[in-house]
Amino acid sequence: MKLVIGATGFLGSHVVRQLVAAGEQVRVLIRSTSETRAIDDLPLDRVVGELTDEPLVRSALAGCDVVFYCAVDTRAWLTDAAPLYRTNVEALRAVLDVAVHTDLRAFVFTSTLATIGHVDGRPATEDDAFNWRDKAPEYVRTRVAAENLVMEYVRDHGLPAVAMCVSNTYGAGDWQPTPHGGFVAGAALGKLPFTVRGCRAESVGIDDAARALILAADHGRPGHRYIVSERCIDLGEIISTAAGAAGRRPPRVVLHRPALYVCGAVGSAMAALTGRPRQLTLTSVRLMHYMSAMDHGKAERELGWQPKPVPEAVAEGARFWVDRVARRRAAGVGLGHADRP
């Protein structure tokens with residue numbers, strides 16, 4: 001039995017789907033408030049409750065040999081970081097405290113490329129320790145704390161855990177969508193008023209990211225990190241690829257990095273004045289381009305991971321949005337607030 005925690009999210013739902021397709025028995029641990037449409041069509045053993053409920057977590061882990069931990073609060077724009085620490089660190093600690101007393105073969109933890117150190121003159125690797133805390137927002141600090149916590153349990157308790165440092169993910173099934181997936185949805189539906197130049201970020205197809213996690217359960221070395229990214233790609237190329245896949249022209253207005261920083265400064269000022277979080281801030285703009293290019297060779301060598309070009313996944317994501325809107329219109333149903341890019 002495989003347990004997936006965070007199974008309703010973009011990455012977690014794809015891990016679940018690939019496991020089920022491979023004939024695995026899958027159990028998911030989800031909250032009562034989770035939106036489950038990404039996995040509702042699958043035959044799953046569901047456990048519903050909070051990660052901080054020790055008896056519940058113990059019950060969910062019973063009989064499982066592998067845990068895929070994909071639960072994360074990605075709201076980097078929050079002005080109050082307390083919810084980020086509760087989900088990304090404290091809830092994880094509660095699960096780890098139970099997991100170390102079970103007979104697990106692997107604990108596959110979903111981390112982020114943001115925990116990799118910033119370097120100049122070469123692609124960064126898993127050996128480059130995090131070194132930009134002074135520039136990192138609280139969201140990134142929670143992810144670094146979470147990864148360090150997992151590695152602490154490897155060292156001190158023998159937990160057979162690996163950390164998968166996943167980049168921006170693209171593809172079909174991005175229901176929310178994610179912040180970077182919002183550019184794909186907007187371009188595909190003709191609702192994006194501008195394109196962007198000068199913001200390059202490491203990216204990967206969602207199916208390839210899920211496959212990397214599954215491979216790591218069998219081939220990953222406990223205590224090791226693995227970079228899960230296919231290439232560094234400009235956001236403008238993402239937008240033009242999405243528009244082209246949907247049969248649309250890319251937006252004519254181009255915002256370069258300095259213009260984005262102006263928009264981010266306005267967003268930060270508005271957040272400070274109103275006390276309400278804004279998604280486009282100076283922090284979010286910096287995260288669009290600050291991290292170094294990455295070398296994913298270790299995942300290829302040790303896991304046997306072979307990702308496909310990320311533009312293919314972007315195109316799949318664009319077609320997902322076009323098909324989704326077409327189906328809803330055919331059914332006479334408008335897009336709800338949660339469905340809008």
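Values in this text are rule-based calculations from the coordinates and carry no lab data. Note that the structure is a prediction, hence the values are computed from the model and not measured. Reconstructed Cβ throughout: ideal geometry from the backbone, glycine too, with neighbour counts over all protein chains shown.
Within a straight-line Cα-Cα reach of under 14 Å, Lys298 can be paired with the following aspartates and glutamates, leaving aside sequence neighbours fewer than 8 residues apart in one chain: Glu126, Asp127, Asp128, Glu230. Once the Cα atoms are used to define both axes, helix 206-219 deviates from the longest principal axis of the chain by about 20 degrees. Dipole size of the chain about its Cα centre, with +1 on Lys/Arg Cβ and -1 on Asp/Glu Cβ: approximately 1360 debye, rounded to the nearest 20. Residue order for His256, His219, His296, His14, fewest other beta carbons within 10 angstrom first, comes to His256, His219, His296, His14.
Helix 257-274 axis versus longest C-alpha principal axis of the chain: approximately 70°, rounded to the nearest ten. Computed from backbone phi with θ = phi - 60° and the Karplus coefficients 6.51, -1.76 and 1.60, the 3J(HN,Hα) list for region 25-32 is 7, 10, 10, 10, 10, 10, 7, 5 Hz; x is used for glycine and proline.
Proximity of backbone amide H atoms, modeled 1.01 Å from N, is registered between Ala161 and Phe107, Gly223 at under 5 Å, excluding neighbours fewer than 5 places apart on the same chain.
Think of each Lys and Arg Cβ as +1 and each Asp and Glu Cβ as -1; about the Cα centre, that makes the dipole of region 138-216 roughly 300 debye. Here's the picture: charge each Lys and Arg Cβ at +1 and each Asp and Glu Cβ at -1 in the chain, and of Thr281, Ala201, Tyr226 the one pushed furthest to the positive end of that dipole is Thr281. Couplings for region 101-112, taken from phi via the Karplus curve 6.51 cos²θ - 1.76 cosθ + 1.60 with θ = phi - 60°, read 9, 10, 9, 7, 8, 7, 10, 9, 9, 7, 9, 9 Hz in order; Gly and Pro are left as x. Each Lys or Arg adds one and each Asp or Glu subtracts one; over the other residues with Cβ under 13 Å from the Cβ of Leu149, this totals -1. Under a model in which nothing but the beta-carbon of Lys, Arg (+1) and Asp, Glu (-1) is charged, region 186-303 shows a dipole of about 560 debye around its Cα centre.
The phi-based Karplus calculation (6.51 cos²θ - 1.76 cosθ + 1.60; θ = phi - 60°) puts the 3J(HN,Hα) values of region 167-177 at 8, 4, 9, 10, x, 6, x, 7, 5, 5, x Hz, whole numbers, x for Gly and Pro.
For volume of the Cα convex hull per residue in Å³, the value calculated from this model appears in [x] 172; [y] 137; [z] 124 under label [y]. Note on Lys135: aspartates and glutamates with a C-alpha under 17 Å away, same-chain residues under 8 apart excluded, are Asp120. For Val166, nonlocal amide neighbours, meaning residues 5 or more places apart or on other chains whose placed amide H falls under 5 Å from its own, are Ser111, Thr112, Leu113, Val228. Between rounded, prolate and oblate, where does region 101-181 land on the alpha carbon gyration tensor, with a ≥ b ≥ c its root eigenvalues, rounded for a/c under 1.5, else prolate if a/b exceeds b/c? Note, shape of region 101-181 comes out oblate.
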